[in-house]
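Novice: First the structure, then my questions, so here it is.
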Amino acid sequence: MFRTGISDMQLVFFSSDRLEVQRVGLALAAAGIPCKVREGFVARNDFSNLPEAEVWIQKDGDLHRAFMLCVEQSIGFAKRETNSVEVDFWDTAVAA
């Protein structure tokens with residue numbers, strides 16, 4: 001976890017996808033987990049002009065609950081791919 005010099009907040013999620021960052025922040029707030037959404041810094045080798053936004057948890061004790069909420073709701077780093085194609089390697093037509 002990352003800690004800021006000013007407070008004991010912990011970074012839970014970051015992304016350049018602002019909608020996903022908002023989704024995580026709103027889900028945590030709805031679950032009663034105090035958090036803040038902040039603008040991150042632009043990486044030096046980043047070709048985009050938008051910095052990544054970040055979701056920070058305000059209480060250390062809420063960190064595990066926040067991660068579990070993300071897993072349960074498939075948001076943030078726990079987001080599952082919905083467009084992935086499953087390949088059956090035992091299907092001889094595909095394997096050949």
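Computed from the coordinates by the stated procedures, all read-outs in this text should not be read as laboratory data. Because the structure is a prediction, the values reported are computed rather than measured. Virtual Cβ from ideal backbone geometry, glycine too; neighbours counted across all protein chains shown.
Novice: In nm, give the distance between the simple-model label positions of residue 60 and residue 19, each being 7 Å from the Cα along the Cα-to-Cβ direction.
Specialist: Distance between the two pseudo-spin positions: 3.7 nm.
Novice: Quick check: pseudo-label points 7 Å beyond the Cα along Cα→Cβ at residue 30 and residue 74, how many nm apart are they?
Specialist: If labels sit at residue 30 and residue 74, their model points lie 1.5 nm apart.
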